[in-house]
1. Suppose we filter 637, 665 for residues that are touching a Ser or Thr at 6+ places or on another chain (Cβ under 9 Å) and either part of a loop (DSSP other than H, G, I, E, B) or open to solvent by less than 40 Å² (accessible area, probe 1.4 Å) (or both); which single one remains?
2. Regarding residue 552, is this residue open to solvent by less than 20 Å² (accessible area, probe 1.4 Å) and either at pLDDT 95 or above or in a loop (DSSP other than H, G, I, E, B) (or both)?
3. Keeping to the range 388-408, report how many residues are part of a loop (DSSP other than H, G, I, E, B) and either open to solvent by less than 10 Å² (accessible area, probe 1.4 Å) or touching a strand residue (DSSP E or B) at 6+ places or on another chain (Cβ under 9 Å) (or both).
4. Go through 477, 481, 455 for me and flag whichever is farther than 30 Å from residue 42 by Cβ, open to solvent by 30 Å² or more (accessible area, probe 1.4 Å) and not in a loop (DSSP other than H, G, I, E, B).
5. Out of the residues in the range 35-49 meeting the condition of being open to solvent by 40 Å² or more (accessible area, probe 1.4 Å) and under 29 Å from the mean Cα position of the chain (by Cα), tell me which one is farthest from residue 171 (Cα to Cα).
6. Take the residues of the range 420-450 that are at pLDDT 95 or above and not in a helix (DSSP H, G or I): which is surrounded by the fewest Cβ atoms within 10 Å (Cβ to Cβ)?
7. Mind checking which residues of the range 57-79 are surrounded by fewer than 16 Cβ atoms within 10 Å (Cβ to Cβ) and either aliphatic (A, V, I, L, M) or in a helix (DSSP H, G or I) (or both)?
8. Among the residues of the range 789-822 satisfying the criterion of being among the small types (Gly, Ala, Ser), buried (at least 16 other Cβ atoms within 10 Å of the Cβ) and over 20 Å from residue 614 (Cα atoms), which is nearest to the chain's Cα centre (by Cα)?
Amino acid sequence: MLWVRNIAVGVGVVAVALALWMLLSSARRNSYNPDEAKQARLTATDFRPAGRDPDYAKKYGVDPDYFHAMDNGAPLNDDEVKGRDMWLLWTGGNDRFWDALIEKSFGTFDLLKTISSVPGMPYSRKNRWTYFGIVNEPCFKQPTGPDPKHFGLWLDQREPGCPPDPFADPVRFPGVKIGARGVDGFPVGSYYGEPTGIVGLRLFPNPAFDAQARKNWDPVRYYNDPSYYEDPNLVRPYRVGMACAFCHVGPSPIHPPADPEHPDWSNLNSTVGAQYFWFDRVFAWQADKSNFVFQLLHSYPPGTLDTSLVSSDNIDNPRTMNAIYETGPRLMHALPFGRELLAGGELNNKQFNDFSGTGDLNKLYHKPYVYAARILKDGSDSVGALGALNRVYLNIGLFSEEWLRHFMPFTGGKRITPITIAGAEKNSVYWQATEAQTIYMAKFLVAAGRPDKLAAVAPRYLSRDPATIDRGRRVFAVTCARCHSSKLPSPVKGMEGNGAESCNGPGYLKCWDTFWAWTKTAEFKQQMLDIVEKRNFLDNNYLSNEFRVPVTLLQTNICSPLARNALRGNIWDNFSSQGYKSLPSVGEITVRDPFTGVPRKFQMPAGGRGYTRPPSLVSLWSTAPFLLNNSVGPFSPDPSVAERMRVFDASIRQMLWPETRERDPALGGRGVGLIARTTATSWIKLPAAFVPWPLRSASGLVNLLFPGTVQPNGDFYVGPIPKGTPVDVLGNFDPLPEEPGLWADLGRAWGLLGLMERLRHDLVARQAYADDATAQKIFAPMARQLYEMGNCPDYDINRGHYFGTEMFPEEPPLSDADKNALIEFLKTL
């Protein structure tokens, strides 16, 4: 019978796929690939930091500190200026990585398209802020035609009255001469690249753009012909590199631009975070709603991204790009609470002690222990501040020659293995140069990350009633300060003193439970009231702490603390501590079934997962919407003080009155909060040129088994995925079982076989129906199977943090008057 043959062929396809996965997962690398800088026989000293250059400044009429007007005019010394330049400019050779992602994303990502202003696109420099939420660099204007100096690309043009970009000078900062660079008049360029007109993105000559590539290059077709620009063999003339600034620079809360499409440097702040960033539009340049990749990225609220998107842990996990405030106090606050044991490759992380002129920061490391401020939401980056900064550069593409070999980008399906610091130190000159200079970046962040006080710009929004502020301050002391103050009664019971040295490890929950019970006592509350009443309470107060809060207490979405990249043996093994890797399970938590709304229990795993560090409340008025994924409160693209205050007021009221938060349209009546759902019928699309040749050659058989998969033009479409489908049924789906082993692999193979047969059934059935309601009914069994094979069962993204409300059963709720007074106090932070 035909269906028997179809199933047999399906089994064969699955078997082959699993064999390939297992082969890729078990493959051993016998050697590292050197990066391009090492291939060019450069050393770390060939990449000197920028910083002040009075002679160059005098010659071209620019300030020796080019970005001096940024960061509210913060005074910086020479080292701190070097750090800011690195933050804004240094890409560490990751232009290679972002170019490689064009093919690995099947053409979905293309930063060279993102930076263009070609007619016919829905975006250009004129509306870049509103559309993308990314920052236009001052001194540039909209192009009026293709640029002949840049091979016909529609790139931003420098204003005639502005001096040249001092960092694009190939004499001061000679680039990496490799491949076509420096051949037949093709430039080598600067190792800081050229400005693109977008803060944080820099342009580099593509070393693969040789004579043949130039002959084949057609800029008109690049912008208009899918058969041309979707060719994975197309060589573009430039690669785009990304600096930290791309995800961290934004409008200054206290000096915002009158027009955010046309900011001056004085309107920009290096550390506020990209609060307005539309991840879906930036990285899925076509914004095709019928492409499921766009639907997945569209589930990220503005101002969030998933740092594990490329080195995929198969968990949809968008998190906010934090503002960086009070870095100095934050680092020193780690001394009593952040003691982390390092071992093995973790010990290869640079520490402040490795550099001169770091003073008190040297106290943060006594081998093998580091006192770590934890930046990531799950507190996994626990090897010291410099190690955390260096890890970020790997995550945005430094040493991609090696990094990309440790996993299968985006989709997973290959066992992830650790990238080692030792290997990077040996084979990546870019890594060596980065390690040598992040000390400057740390000094800059300490100097520049100052609070943005509402009182400094718009005191009219603050209450003039001292009694109201005092009441709010007292509410803060007894309800919020235990997690949101770095000034606490001393010693902190459970976290300081005898036994506290074992807190960051298997014994953490015992420490935490002791601390949490203490914070409910009259003793703690009175001591905290005394501290809050002091006039200097807010001075050097990070307004958070270095504790790890169990998600069973927070009740927030569990996908973030389920992140896997820092677990033992995973990609960031060298960048998480022994203490993190040995944290105990927080126990059982209740989640809601995304199809029925019925509560179900989930046992949180041990080994690092299950915890969230409290966010800082510094300048809280300027950082709404709230929660770890910006899901509580409205979004507005307007960075003005008035609009920030409107969004703050709406968001903080949803936080303190959680019953007013947005509910799921399908299951909200059953108590389910917001679920990210597809906004249109979509497909997983694979353009014909990206389809592997075995599948391409078997397209007839594929269409027989899975009707409608192969389009007339050769594109592969998997779907349809009906409108209204929870995005995470695919966003959290893992083609591999978490635990390796034959039986686990066989079990997953059986599940995949069932999925393939279900997909075949759905494709046949779907042909007869066009309406979404019927399509959802057909798709529902497959969605259920995908859900059961996912890595995170929690789809409710705006739940949790119910402290002070009726939804927190451990303590009496605050009155409305107390909540309103608390809001007035929070505006002063």
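The values are calculated or read from the model by the stated rules, or taken from the named source; none is laboratory data. Everything numeric in this text was worked out from a predicted model, so none of it was measured. Glycine also receives a Cβ, built like all others from the backbone with ideal geometry; neighbour counts cover every protein chain displayed. Each accessible area value is taken on the protein alone, full model and side chains, heavy atoms only, with ligands, DNA and RNA left out. Shrake-Rupley method; radii C 1.70, N 1.55, O 1.52, S 1.80 Å.
1. One residue alone meets the criteria, 637.
2. no
3. Summing the residues that are part of a loop (DSSP other than H, G, I, E, B) and either open to solvent by less than 10 Å² (accessible area, probe 1.4 Å) or touching a strand residue (DSSP E or B) at 6+ places or on another chain (Cβ under 9 Å) (or both) in the range 388-408 gives 5.
4. So the residue among 477, 481, 455 that is farther than 30 Å from residue 42 by Cβ, open to solvent by 30 Å² or more (accessible area, probe 1.4 Å) and not in a loop (DSSP other than H, G, I, E, B) is 455.
5. 38
6. Among them, the one singled out is 420.
7. Result: 58, 59, 60, 73, 78.
8. Ranking the candidates gives 790 first.
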